[in-house]
Structure formats: structure tokens, C-alpha cells
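This report refers to the structure that appears directly beneath it.
Each value in this text was obtained by applying a stated rule to the coordinates, not by laboratory testing. Source: prediction; values computed, not measured. Heads up, the Cβs are rebuilt from the backbone with ideal geometry, glycines too, and the neighbour counts pull from every protein chain shown.
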Amino acid sequence: MINPDSLKKKFFEIYGNPEQEPRLFFAPGRVNLIGEHTDYNGGYVFPCALNYGTYLLIRETNDDFIQFASVNMDWKGTIALDELGIKKGEEWVNYPLGVIDQLKKNGIVPKGGQLLYAGDIPNGAGLSSSASIELVTSYALNKLWKGNLLVIDLVKLSQKAENEFVGMNCGIMDQFAVGMGKKDKALFLNCETLDYELVPLDTKNYRLVIVNTNKRRGLTDSKYNERRKECEIAVKYLSKEKPIQNLSELTLDEFKRRESLIPDETIRKRAKHVISENDRVLKAVPALKEGKLEEFGRLMNESHDSLRYDYEVTGYELDTLVDESRKVTGVIGSRMTGAGFGGCTVSLVEESRVDQFCEEIGESYTKITGLEPDFYLPEVGEGTREL
Ligand code: GLA
């Protein structure tokens, strides 16, 4: 957890002028419980916001520059207001820059300022560190620059920033969960209509445990974008009989009747994952509402297996972690969360067995992979806000 006072101290060390108070904003990370790689296919997702996330201290200045710094990341620098539209290599600052670019497109005029970021979610580990930076920035700057945009507008604009400026063709799930999350609730979201329902996340005598594989992610964006293309190809094939706009228009039964329209086995498997995953979300939500946690856990397991064999976005470390987790007594479900190719798993573990789980997994996962996992016992937090 980040201490706001020490963050403020750091802010004054970097930017001086301690008589002028900065404002403090926070955007959470998110964990997706089920519904993976469905959002950009117009499908269902079921994420919740975490109590971990990104903090932003921010103060206006009277000059024509924005100064960026982060406690966790190396790059820091000053950018002139008229140069905000230029991408900075592969640096983290591209997320704020992309957001500012979108704010400008919404008629909001940038002003000088000093910004300090600090995060307590691991970067690039499938817990939406990027969306968290985007939302904390868009939310804070919308306030400071008197943008009057609603949180839902900030959600959409942040996704656009990532698509258009950063070049990652992500769906809407992360920004939505980070922006609109509510304490102790999971968001059952239809990504096509953006209709959503807040579902109490009552896990009874089980706990959500997040484990980071700590595998370095490489090429994630390009593989992710490749999956998106494969889904578009699947839509073309499946449209031969009756046109569809996206894979989520088909039920599992409809897909089974039409799947022979797809000649390529890989493309067929990709479509099968998306459509079966939607089906799982539609079963998981009532299971949770009715307190059927074992059923929920079983669906989590099926989700991972589908991501592993049909969508092929898991990899050695995630699969090892999931396999080992399922062997531990008291674990009723375990799956990867987020884009995949590395990053985190989420498991449902019997409360009284959590310590044992961390101990056993710490040992077995390290023995097999040589990597040390990190454990998080998250609470379900509120969405983006000023503190
Ligand atoms: C990443 C993307 C999301 C979503 C997930 C996979 O987190 O940002 O839009 O597609 O992967 O479910």
C-alpha cells in the first residue's frame, strides 16, 4: 500500500514549492473473474476493481509545460504543451500522452502541470496497470482542466487512447472496471451495449487469491492484436450463411451447427473459445448470486482450459501455476486473468487454507519454473476517484 504522506514528500522533493498543495487521485487495478478475450468480441465479462492501483499527485503551473515523474518507473521528463502529441518510444508516459491527446479531441485545452505517479499493482501482469494509469490521468485532468466529462466518457476515451496512441487494440473491459468499479461488487458487463449489473461479490468461506507468475511478458501486444484479427476472420467465415457482426451474436448451439463453415482449425478454435466463454459467464453470474461457489470455481477452471487449448494465450508459467494450484486442498477454481501470455492467475481458495496455499505454491511453482511468485489477497475496491 502506498502512503499518501510519503508520496507528497517525494512530490515536493522533485517539484519543490511545498506551500502549494497538489491534489491526489486514485484509480484501481482490476481482476477479471471470468469472461476473457470476449470484450472485443461484443461479449460478456465479469471483472471487479481492486484496492491496489495507481496514485497521481498533480498540481497546476502557469507555464506551457507538463512535467511527468513516477515513483516506480524510470522515465521522467518535461514536455511542452505543443509537443504532447508525439509518442515517446515505448515509455509509460505514452499512456498519459494518449489520454491527453483524446481529451484535446474532446475540446479540452491542456494547461501546465506537475504530475507524480505511484502504483502498487505489478506492471504488465494482467491486472490493468495501463488502464489504471489512463483512468487516473483522464479523471484528474478532466477535473483540473474543467472538462465536465462523465466517468463513462473517460472510460471510452481512455480505451481509445490505448488503441490509437499506444497501439494496443484492447477492448473496453479494463477501463470500464477501473473507472466504474464499486466496493465489494463485481461488474457483469455486456461489452456490446455497455449495459451492466453490479453483483455483490460474496465469496462465502472462500477467498480470491491472485498470484503473479512473474514471467516477463514479451510480444503481448502483437499476439493480442493477432487474436483479434483471428476473431475477425472467424466472423467472416461464420457470416457466409447469415451475416453476424461479432462472435458473441452466436450461442454455443448455433456455433456448433455452423462451425464447419470455418475451414481453418486454428480459427475455429478461437471462435469456440469466445462463444463458450460467453456461455460460461452467463452461468457464472447466477452461480455467484445463488452462493454456488463450487460451480463458479468449476467454470473458472473451464475458462482457463479453453484459454489454454483453444485460444492459446496461456503459456508454460501460467499453466504450471494453475496446474499446481488445483492440486492444493481447498482450491475450487483457478485460472489466468487478463490478456495472458504471462501475468497473474486468480484462484478461489478456502479461507482457512490460504496460508497453506501460498506456502505450497511458493515451493512447487518455484521448483518447476525457477521463478518466485508474488501473492495478493485483494479486497474489492471502488473505481477511480479523488482522495
Ligand atoms: C486485456 C485487454 C482487455 C481484454 C483482456 C482479455 O486486459 O486490455 O480489453 O481483452 O485482455 O480478456
Can you find a residue in the range 126-133 that is in contact with a Phe, Trp or Tyr (Cβ under 7 Å, 6 or more places away or on another chain) and touching a residue at least 24 places away in the same chain (Cβ under 8 Å)? yes
Selection within the range 28-44 - in a strand (DSSP E or B) and near the ligand (Cβ under 7 Å from one of its atoms): 32
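Table: residues versus (1) of a type in the set (D, E, K, R); (2) closer than 28 Å to residue 169 by Cβ; (3) within 16 Å of the ligand (Cβ to nearest atom).
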{"site": "325", "(1), (2), (3)": "no, no, no"}
{"site": "335", "(1), (2), (3)": "yes, yes, yes"}
{"site": "345", "(1), (2), (3)": "no, yes, yes"}
{"site": "366", "(1), (2), (3)": "no, no, no"}
{"site": "377", "(1), (2), (3)": "no, no, no"}
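Results for (1) crowded, with 18+ Cβ neighbours inside 10 Å; (2) part of a helix (DSSP H, G or I); (3) within 16 Å of the ligand (Cβ to nearest atom), shown as yes or no for each residue.
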residue: 209; (1), (2), (3): yes, no, no
residue: 227; (1), (2), (3): yes, yes, yes
residue: 240; (1), (2), (3): no, no, no
residue: 244; (1), (2), (3): no, no, no
Looking only at the range 63-73, filter to residues that are within 19 Å of residue 131 (Cα to Cα) and not aliphatic (A, V, I, L, M); which one of those is farthest from the chain's Cα centre (by Cα)? 68
Hey, among the residues in the range 295-353 that are surrounded by fewer than 23 Cβ atoms within 10 Å (Cβ to Cβ), within 23 Å of residue 275 (Cβ to Cβ) and among the charged types (D, E, K, R), which one's farthest from the chain's Cα centre (by Cα)? 295
Within 16 Å of the ligand (Cβ to nearest atom), within 16 Å of residue 134 (Cβ to Cβ) and surrounded by 13 or more Cβ atoms within 10 Å (Cβ to Cβ): is that true of residue 54 in this structure? yes
